[in-house]
Amino acid sequence: MSAPQLGAHVLTCPTRWSAVDENGHINNARLVGYVQEGIYDLFCHHATAVRESLFPSGFLIARHEIDYLEQLHHRPEPLSVRLSVERLGRSSAHVVVNVCREPLIYMRARTVVVARDRESGRSRKLSQNERRFLARFMAESVRGDAPTSAPTSSLPQRVPARAGGPIPARRTRRRCRAAAA
């Protein structure tokens, strides 16, 4: 189920007991599945995308960058998969996906989605209608007059523990919000 939200597309997904791994949490590969479900929902099932026949030949995933932030356990409450467009390129959309269950973000992905040409199977230029559609999911501060030049923010990096050295302090828990960064 999708929910409208300013600057974000939100898909509600249940977790499944069958996705629990031997460590007792939802398997990392299944978390990537939530990212893919959210992207597919935005590009293929969003009412505007369907009504205006956007992305008629589909799209390609060119890149996933993933940060696993918290362990996710199966519970009856569904997850929110929140997508925002961080930047638009000539043929691509850089999408930030937060997999949340209030109040925490369990995983954040940055994914590059590329418009596909049916005949060649390669990337193609985004149409003006597709650009307008995707710009609706950009943060208001980024949208402005030039939706193609959104600044990219860097995620906090984990510092690996040195052999025999101190263990890095645990980061504070992230709040589940629709913001792109």
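Residue ranking by accessible heavy-atom surface, 1.4 Å probe, largest first, among D41, D117 comes out as D117, D41.
If the chain linking R132 and D117 were pulled fully straight, counting 0.36 nm for each residue of separation and taking away their Cα-Cα distance, it would gain 3.5 nm. Ranked by the mean number of other Cβ atoms within 10 Å of their residues, highest first, the peptides 120-133, 71-84 fall in the order 71-84, 120-133. For V112, V35, the ranking by accessible surface with the largest value first comes to V112, V35, using a 1.4 Å probe.
Between E37 and E65, the simple spin-label model (points 7 angstrom out along Cα→Cβ) gives 2.6 nm.
Ranked by the mean number of other Cβ atoms within 10 Å of their residues, highest first, the peptides 54-60, 16-22 come out as 54-60, 16-22.
The values are calculated or read from the model by the stated rules, or taken from the named source; none is laboratory data. The structure presented is a predicted model; accordingly, all values stated were derived computationally and were not measured. Neighbour counts run over all protein chains shown; Cβ positions are idealised from the backbone, glycine included. Protein only, heavy atoms only, side chains kept; ligands, DNA and RNA dropped before computing areas. Shrake-Rupley method; radii C 1.70, N 1.55, O 1.52, S 1.80 Å.
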